[in-house]
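A.B. asks: Take this structure, written in C-alpha cells, and hold onto it; I'll ask about it next.
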Amino acid sequence: MDGDGEPESVGQPEEVSPEGQQEEAGAQEASAGEERPEEEEEAEEAEEAEAAAAAAAAEAEAAAYLAELPEPLLLRVLAELPAAQLVQACRLVCLRWKELVDGAPLWLLKCQQEGLVPEGGAEDERDHWQQFYFLSKRRRNLLRNPCGEEDLEGWCDVEHGGDGWRVEDLPGDCGVEFIHDESVKKYFASSFEWCRKAQVVDLQAEGYWEELLDTTQPAIVAKDWYSGRGDAGCLYELTVKLLSEHEDVLAEFSSGQVAVPPDSDEAGWIQISHTFTDYGPGLRFVRFEHGGQDSVYWKGWFGARVTNSSVWVEP
C-alpha cells in the first residue's frame, strides 16, 4: 500500500487480441518455413549428387563393357544408331570409335541393313560408303511440281509466248498416255510462240554440304519428258547449268531445238537425260530450263508438251 492507504497496482499481463494471435502464429510459421527450404534444398542436392554418381558409374560400366566388345559386334551396335548421332556424338567418344565411324565397314553395314545395297556387297566396290549412305538417304527429285499438279507453282522466269503455258490432263487432244509412270496425270502444254520456264535448285538448302559437293562431286542427273501432238509438229528445248555460289557456269548441257514432226513415232513421250560428272569444286546451284512451241503457228496449245521433269544427286 502507498502512503494514502490505497493498494499498489500490480502489473497484469496485457491481453492479446485475436488479430495479434494470428500475426504471431503467422510469424512462427514463416520462420519455420524459412528453415524448411534450406533443409529440403540440402536433401535434394544430396539426392541429385547420388543420382549423378550412380549415372556416372553406370556410364563408366557401359563404356568399359563396350570397350571390351570385339570389333564386329561393336560395329553392329553402332550400326543401330541414327547416322547423325554417329557423326556428331559417337565419333567424339574415343579414338577407337572415331576410326570405326570414319571407316567403310560401319557404313557398308548400315547400307545393307537399310536396303541401300544388297546383302554381301563387297567393301572394295566403293571408296566412300559414308558418302554413299548420306547421298542415298537424300536421293529424291529436287524439282518442285514437275507435272503441273500445282499449276505453275515452283517455276520461275516463266515466259508465256503465244497463249502461254497451260496445264492439261493426260492424254490430251491428239496425245498419248504416259505409260512410264502411272502416277503422272498432267503435263504442261506450250503455244504458238516460245514458252519457257525454269527452276533453280539450291543444293545446300536441300541438305548437300560444301565438303561433299567439292570433294565427292556426286553425279548430277537432269531428266525431262517431252511430246508432240498427232496433228501438229512442235519444237522442244532443254538447258541445264551447274552454277557456283556467284552463279558462274561450271558446266552446261543444251539439247538445242529438237523438232518433233506430227503423225510420227516421235509423237509419243520421249525422255531426254544428261549426267554431269567431274565438274570441279564450287557447285552450289542447278538451273533447269525447258520450253517449247508449235511449228505451225496455230492459236491455242499445239506446241511441245513436257512433264515429269527431274534433277537428282546420285550416290
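The values are calculated or read from the model by the stated rules, or taken from the named source; none is laboratory data. Just so we're clear, the structure is a prediction, and the values are computed from it rather than from any experiment. Cβ: placed from backbone, ideal geometry, glycine included. Neighbour counts: every protein chain shown. Protein only, heavy atoms only, side chains kept; ligands, DNA and RNA dropped before computing areas. Shrake-Rupley method; radii C 1.70, N 1.55, O 1.52, S 1.80 Å.
A.B. asks: Could you state how much accessible area Arg287 has, in square angstrom rounded to the nearest 10, with a 1.4 Å probe and all protein chains kept in place?
C.D. replies: Probe radius 1.4 Å; accessible area of Arg287 about 50 Å².
A.B. asks: Accessible surface of Phe276 in the full protein assembly, 1.4 angstrom probe, to the nearest 10 Å²?
C.D. replies: Estimated to the nearest 10 Å², Phe276 gives 10 Å².
A.B. asks: With Cβ to Cβ distances under 12 Å as the rule, what net charge do the other residues near Arg139 carry (K, R +1; D, E -1)? Spell out each step's value before the answer.
C.D. replies: Values: positive: Lys137, Arg138, Arg140; negative: Glu206, Glu314.
It works out to a net charge of +1.
A.B. asks: Can I ask one more? What fraction of the Cα pairs in region 258-303, stated in percent, has a spacing above 13 angstrom? Working shown, then result.
C.D. replies: Details: 761 of 1035 pairs.
Tail of the P(r) past 13 Å holds 74 percent of the pairs.
A.B. asks: I'd like the distance separating the alpha-carbon centroids of region 67-110 and region 129-148, in whole Å.
C.D. replies: Here the two parts' Cα centres lie 25 Å apart.
A.B. asks: I'd like to know which of Trp269, Leu283, Val313 lies farthest towards the positive end of the charge dipole of region 234-315, counting +1 on Cβ of Lys and Arg and -1 on Cβ of Asp and Glu.
C.D. replies: Checked the options; the winner is Trp269.
A.B. asks: Might you work out the accessible area of Leu143 for me, using a 1.4 Å probe with all protein chains in place, and round it to the nearest 10 Å²?
C.D. replies: Rounded to the nearest 10, the figure is 10 Å².
A.B. asks: A further question follows. Report the charge-dipole magnitude of region 156-313 in Debye, nearest 20, computed about the Cα centre from +1 at each Lys and Arg Cβ and -1 at each Asp and Glu Cβ.
C.D. replies: Its charge dipole is roughly 300 debye.
A.B. asks: For Val176, Val286, what's the largest-to-smallest order of accessible area, 1.4 Å probe? Before the final figure, lay out the partial values.
C.D. replies: On the way: Val176 60, Val286 0 Å².
So the residues, ranked largest to smallest area, are Val176, Val286.
A.B. asks: With each pseudo-label sitting 7 Å past Cα toward Cβ, what's the Arg144-Leu92 distance in nm, one decimal?
C.D. replies: 3.4 nm
A.B. asks: Mind checking the full-extension length gain between Glu247 and Ser183? Use 0.36 nm per residue of separation minus the Cα-Cα distance, one decimal, nm.
C.D. replies: Between Glu247 and Ser183, full extension yields an extra 19.6 nm.
A.B. asks: Express in nm, to one decimal, how much length is gained between Glu159 and Ala46 on full extension, taking 0.36 nm for each residue of separation and deducting their alpha carbon distance.
C.D. replies: Values: separation 113, 0.36 × 113 = 40.68 nm, distance 7.24 nm.
Full-extension gain reported as 33.4 nm.
A.B. asks: Right, something else. Tell me, what is the FRET efficiency for Ala53 and Gln113 to the nearest 0.05, using R0 = 41 angstrom and their Cβ-Cβ distance as r?
C.D. replies: 0.65
A.B. asks: How many nm is it between the label spots at Ser136 and Ala104, if each spot is 7 Å from the Cα in line with the beta carbon?
C.D. replies: 1.4 nm
A.B. asks: Turning to a different aspect of this structure: Take the residue pairs Lys137/Lys186; Lys185/Lys299; Lys137/Lys223; Lys197/Lys241; Lys223/Lys299 and return only those whose Cα atoms are more than 22 Å apart. Before the final figure, lay out each step's value.
C.D. replies: Values: Lys137/Lys186 28 Å; Lys185/Lys299 24 Å; Lys137/Lys223 20 Å; Lys197/Lys241 14 Å; Lys223/Lys299 29 Å.
Where the Cα-Cα span goes over 22 Å, the pairs concerned are Lys137/Lys186; Lys185/Lys299; Lys223/Lys299.
A.B. asks: Follow-up question, since we're still on this one. Kindly give Rg over Rh for region 190-315, based on alpha-carbon atoms, with the Kirkwood expression for the hydrodynamic radius.
C.D. replies: 1.07
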